[in-house]
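A quick write-up on the structure given underneath.
The values are calculated or read from the model by the stated rules, or taken from the named source; none is laboratory data. From a predicted model like this one, the values you see are computed outputs, not experimental measurements. Here the Cβ is made from the backbone with ideal geometry for all residues, glycine too, and neighbour counts use every protein chain on show.
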Amino acid sequence: MPFSTAPVLAARGRPTVVLASGDPFWHGAGGSLLRDLERAEWVSHPAPSCFALAANALGWRMEETLCLGLHAAPYARLRPLLGDGVRLLCTLRDGAAAAELASYLSDIGFGASLLHVLERLGGPKQRLRSMRAEGFDLTGIDAPVLAAIEAVGRGLPQASGLSDELFASDGQITKRPIRALTLSALGPRAGAHLWDIGGGSGSISVEWCLAAWGATATTFEPRADRLANITENAARFGLDHRLHAVHGRAPEVLAGQDLPDCVFIGGGGTQALLDHLWQILPPGTRIVANGVTLETETLLMQAHAQWGGHLLKVELAEAGPLGRMRDWRRARPVIQWSVTR
């Protein structure tokens, strides 16, 4: 379990030993302590991690296995990673967490997954038991405990443009085809940060975070009633540690925020906002803005004339019923302006 580093740091300057299990720098004590220590202050002697012990017990190749620390994180962190045939090793909080994990897997359509429960690894009382997530009924599970998952089920698509039905929304959502085009224009990169202005449901921020390792997003939404949907979607996809919602209207709400690598304007675009962004954003920042109203179309056409970039008009139609036959249902055209500052 996470522990307090305060007693160790209180002994700073004196010879001190921290005795902890496993590899200190794989979900271990070392990562916590090193936030406050200088490199010259410590020496580490790693032992086999619980992941290494579990892989050894199961005969799994670690280079082909995903490893997660779920002892202090929500089970939803699994959601973007699960897929048919995927293998995962997960540290757990305690014995009761194994049943909770099985219930979560069943709830999201992965009940057929095989769940291995590994207890007290590396000691004389080591134990391994296995059963399907659905109908999980193992009892007397002792900590320290780790779960190994052989996933069976359909995972999330890996391309941008997830189904609208996956998101909590009041209808204010960038629809799937436009979302895919928008993510392409934004170009998510590992570790990059997004400002999502006028977040609505937060779907752009969610897919931004899913698209690249370590990508983060701050979603600004002027309507308080929509913040709940943004927060729910972040939690639903296991992204509440990388996606944060802020109540307020731009540009005022942007004051004091860490500057982003990309900005998406999905609603509430004004000349004042664009002028403000152009003044505060450093060179190299990517800006993408979508609009459906005539006023926003005019604004983005003027921005294109003033600052350059790329201007795109998207007109889509979907087939729908017309009596006993079908016709095309045309959506409102979307204007998209993209530019690198």
Considering (1) under 30 Å from S201 (Cα atoms); (2) surrounded by fewer than 18 Cβ atoms within 10 Å (Cβ to Cβ); (3) among the charged types (D, E, K, R), say which one R179 fails and leave the rest.
(2)
Cβ-Cβ under 6 Å pairs, at least 6 apart or on other chains, the range 323-334 side closer than 26 Å to L294 by Cα, far side modelled with pLDDT of 90 or more and not in a loop (DSSP other than H, G, I, E, B):
W328/A317; R329/E318; R329/G320; R330/A317; P333/K313; V334/I178; V334/N290; V334/V314
Could you please let me know if W195 is free of Cβ contacts under 8 Å to residues at least 40 places away in the same chain, aromatic (F, W, Y) and under 26 Å from R79 (Cα atoms)?
no
Number of positions in the range 152-190 that are more than 30 Å from E134 (Cα to Cα), part of a loop (DSSP other than H, G, I, E, B) and in contact with a Ser or Thr (Cβ under 8 Å, 6 or more places away or on another chain)
5
Check the range 313-322 and report whether any residue there is surrounded by fewer than 10 Cβ atoms within 10 Å (Cβ to Cβ) and either at positive phi or not assigned by TED's automatic domain parsing to the domain that holds A185 (or both).
no
Across (1) in a helix (DSSP H, G or I); (2) of a type in the set (D, E, K, R); (3) within 20 Å of the chain's Cα centre (by Cα), D258 clears everything bar (1)
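What residue, of W278, W213, is surrounded by fewer than 23 Cβ atoms within 10 Å (Cβ to Cβ), in a helix (DSSP H, G or I) and aromatic (F, W, Y)? Quick ask: steps written out before the conclusion?
Working: W213 fails: in a helix (DSSP H, G or I).
The conditions single out W278.
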Identify all residues within the range 136-148 that are within 25 Å of D107 (Cβ to Cβ) and more than 29 Å from the chain's Cα centre (by Cα); write none if there are none.
D137, L138, T139, G140, I141
All but one of (1) surrounded by 11 or more Cβ atoms within 10 Å (Cβ to Cβ); (2) among the polar types (S, T, N, Q); (3) modelled with pLDDT under 90; (4) in a loop (DSSP other than H, G, I, E, B) hold for S32; which doesn't?
(4)
The one condition G85 fails out of (1) loosely packed, with under 15 Cβ neighbours inside 10 Å; (2) over 25 Å from L239 (Cα atoms); (3) touching a residue at least 40 places away in the same chain (Cβ under 8 Å); (4) not acidic (D, E) is (2)
